[in-house]
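The values are calculated or read from the model by the stated rules, or taken from the named source; none is laboratory data. Values in this document were obtained by computation on a predicted structure and should not be read as measured data. Using ideal geometry, Cβ is built from the backbone for each residue, glycine included, and neighbour counts are taken over all protein chains shown.
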């Protein structure tokens, strides 16, 4: 179990935190890992805080509980920094990735004294620059893959191209934008 | 699955019953005397009958047999005594009597 | 040749159904089972199955239509959750008493109220006496495998009863996990063509289904129905054996995990069994003799085999993910304790109500249960046998 990576996603209903968790499970699966990706449903409405989880392991995953002491936390919507205790149980040797346009220094005071690594990505900027619309989960996926060192960038991009080609078979015009978003996010994450 | 309906009676064991109580085969009701429930029965007054046969199709239990264009005596084994035939007869050729 | 994949529990069931290619699938959506007919409808639209998919106006109608189709001679099923199952209630008994081998893919969810959409077993536990075969899964793989085996069990000539294939709402239905799929052709051959003996659309033998049964016959009819249930355990094991040859995955009436020398055991149903296995491995490393009995077949209830598997334990905790409001525990507790009593077991047994309305169950929670069992055995007294796990007092 020492090779187990646990990731918790905080988002709002409709922002794609669940989709991002499922995409991450997908891409980790492609590299031969055992994976879990699952949402925790609260009230079913747009904008309500939701949590999603990932487990990634070299061995079979049997546990079916939520994740309380993750190595990594992804905050899809920075307004949740106030609303939700996002660093709860987060391991010191792990990291938190926050989607924000603000510099890291402005985020740290909101993390309740979290002593581990703090990373940021401006998913809005990346998304608008590459896809022309705001889809935060594509840049965040790339950013967490890099932050949590889930796989090397080359493998990641190759697997994602294959995955997008399948997923967007009926609208191939969006594949390049998504790929550009991934590449830009890998560079932009700080 | 053919049902041996002669076994179906109050002495039938659970093993005599079909799976799901399915009744296979058509027209099995012929073999049961269901007319024993009735408290009233129609009486056919042949002298008044004009053989118009208006009574035959209205019987819910097909208890008025027709042969060679003429109706016969009631089938009391299946008649429930509903009296619809009495109402359908324009000639007063059917009356109801208590059983 | 098995195919590695990662799927949610709902996708896994939908794929099993695509591979089975049933004749008729009436459905009405309800969270968390909605995705099953949703995925399946896309298979219908894409021409991947020949199934007659019927969008109906309620669950009462979906079960009625599945019953009608089954009586007509078709292989039919539907899917639902929670209040949807409750709305099928009277039809469940009709399906069973008419001995119609249809299937129901159930995604377990709490019954209202208070209104809640998350997992517990109160829906299917309420239907446990309806005359259906009930099978439960720990994870997506088991849900898929149970679905593939379902019709072989239900349609067996010694059984001919409807079957409910249950999995935990959201916890497995909406969780993507690794699994292995069988090839389409393998499933097709394993499940085989449905050849009903009696059916309404058979012109050579007209028949009546569901006749009135007066008092003189009703008890004999119910006893006749019970005979089908009596054969289920044997058939489940036969089908599992054949399935193991195909898939390499072994199934029984239940799974005994590290139970052979266990002194303290947990009996439970569903996804929390996986969490319990992690707790057991951890405690075993510390030298604790702990084990798990995970129910797969809940109806009929394999009481003798369960009592036998638990014969060596000093203390046992039976975990119910549903209330029974008996003031002394839930339905699984009642069944297991009756089994232990009949086997003259000396084990000290307690019954926990846990995980209601999606309340999470952690490895630590299960470690706590085993610690309690150890204390009970040391005290020689089970104390209060009706307990709530992790309740805020």
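Odds and ends about this structure:
- Restricting attention to the range C:197-221 and to residues that are more than 8 Å from chain B (Cβ to nearest Cβ) and in contact (Cβ under 8 Å) with a residue 40 or more places away in the chain, the residue that is nearest to the chain's Cα centre (by Cα) turns out to be C:199.
- For residue C:281, the conditions (1) surrounded by fewer than 17 Cβ atoms within 10 Å (Cβ to Cβ); (2) in a loop (DSSP other than H, G, I, E, B); (3) out of contact with any strand residue (DSSP E or B) (no Cβ under 7 Å at 6 or more places or on another chain) are fulfilled apart from (2).
- Restricting C:79, C:2, C:12 to those that are surrounded by fewer than 18 Cβ atoms within 10 Å (Cβ to Cβ), within 24 Å of residue C:180 (Cα to Cα), away from chain B (no Cβ under 14 Å) and in contact with a strand residue (DSSP E or B) (Cβ under 8 Å, 6 or more places away or on another chain) reduces the list to C:2.
- Boolean, residue C:336 is in contact (Cβ under 8 Å) with a residue 40 or more places away in the chain, in contact with a helix residue (DSSP H, G or I) (Cβ under 6 Å, 6 or more places away or on another chain) and either crowded, with 23+ Cβ neighbours inside 10 Å or assigned to a loop (DSSP other than H, G, I, E, B) (or both): no
- Residues of the range C:284-300 classified as buried (at least 23 other Cβ atoms within 10 Å of the Cβ) and out of contact with any strand residue (DSSP E or B) (no Cβ under 7 Å at 6 or more places or on another chain), total: 0
- Residue B:85 surrounded by 12 or more Cβ atoms within 10 Å (Cβ to Cβ) and outside any loop (DSSP other than H, G, I, E, B): yes
- Meets criteria (within 30 Å of residue C:227 (Cα to Cα) and touching a residue at least 24 places away in the same chain (Cβ under 8 Å)) for residue B:95: no
- For residue A:113: the one exception among (1) within 14 Å of chain C (Cβ to nearest Cβ); (2) modelled with pLDDT under 95; (3) on the phi > 0 side of the Ramachandran plot: (1)
- One residue stands out in the range C:196-212 among those that are in contact with a strand residue (DSSP E or B) (Cβ under 7 Å, 6 or more places away or on another chain) and part of a loop (DSSP other than H, G, I, E, B): the one that is nearest to residue C:71 (Cα to Cα), namely C:200.
- Any chance residue C:318 is crowded, with 20+ Cβ neighbours inside 10 Å and either in a loop (DSSP other than H, G, I, E, B) or assigned by TED's automatic domain parsing to the domain that holds residue C:115 (or both): no
- Per this entry, residue C:187 is not counted among residues that are in a helix (DSSP H, G or I), surrounded by 20 or more Cβ atoms within 10 Å (Cβ to Cβ) and in contact with a strand residue (DSSP E or B) (Cβ under 6 Å, 6 or more places away or on another chain).
- Test: residue in the range C:140-158 that is touching a strand residue (DSSP E or B) at 6+ places or on another chain (Cβ under 7 Å), away from chain A (no Cβ under 12 Å) and surrounded by fewer than 22 Cβ atoms within 10 Å (Cβ to Cβ): no
Residues checked against (1) over 12 Å from the mean Cα position of the chain (by Cα); (2) free of Cβ contacts under 8 Å to residues at least 12 places away in the same chain; (3) more than 14 Å from chain C (Cβ to nearest Cβ):
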site: A:14; (1), (2), (3): yes, no, yes
site: A:18; (1), (2), (3): no, no, no
site: A:24; (1), (2), (3): no, no, no
site: A:74; (1), (2), (3): no, no, yes
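- Scanning the range C:65-119 for residues that are touching a helix residue (DSSP H, G or I) at 6+ places or on another chain (Cβ under 7 Å), free of Cβ contacts under 8 Å to residues at least 40 places away in the same chain and more than 13 Å from residue C:162 (Cα to Cα) yields C:87, C:88, C:111, C:112.
- Residue in the range A:150-163 that is closer than 20 Å to residue A:77 by Cβ and touching a strand residue (DSSP E or B) at 6+ places or on another chain (Cβ under 8 Å) present: no
- Selection of first residues in the range B:1-23 that are more than 8 Å from every other protein chain (Cβ to nearest Cβ) and over 18 Å from residue C:231 (Cβ atoms) and of second residues that are in a helix (DSSP H, G or I) and modelled with pLDDT of 85 or more, restricted to Cβ pairs under 7 Å at least 6 apart or on distinct chains, gives the following pairs, ordered by first then second residue: B:7/B:16.
- Condition broken by residue B:29, with the remaining ones in (1) within 14 Å of the chain's Cα centre (by Cα); (2) at pLDDT 95 or above satisfied: (2)
- Number of positions in the range A:102-117 that are touching a strand residue (DSSP E or B) at 6+ places or on another chain (Cβ under 9 Å) and farther than 19 Å from residue A:17 by Cβ: 7
- Looking across the range C:85-115, the residues that are within 12 Å of chain B (Cβ to nearest Cβ) and closer than 14 Å to residue C:154 by Cβ come down to C:95, C:96, C:98, C:99, C:100, C:101.
- Residue C:228 meets the stated requirement of being under 27 Å from the mean Cα position of the chain (by Cα) and facing another protein chain (nearest Cβ under 8 Å).
- Within the range B:68-86, the residues that satisfy the criterion of being farther than 21 Å from residue B:31 by Cβ and out of contact with any helix residue (DSSP H, G or I) (no Cβ under 8 Å at 6 or more places or on another chain) are B:68, B:69, B:70, B:82, B:83, B:86.
- Residue match in the range C:366-387 (condition: within 23 Å of the chain's Cα centre (by Cα), away from chain A (no Cβ under 14 Å) and without any contact (Cβ under 8 Å) to a residue 60 or more places away in the chain): no
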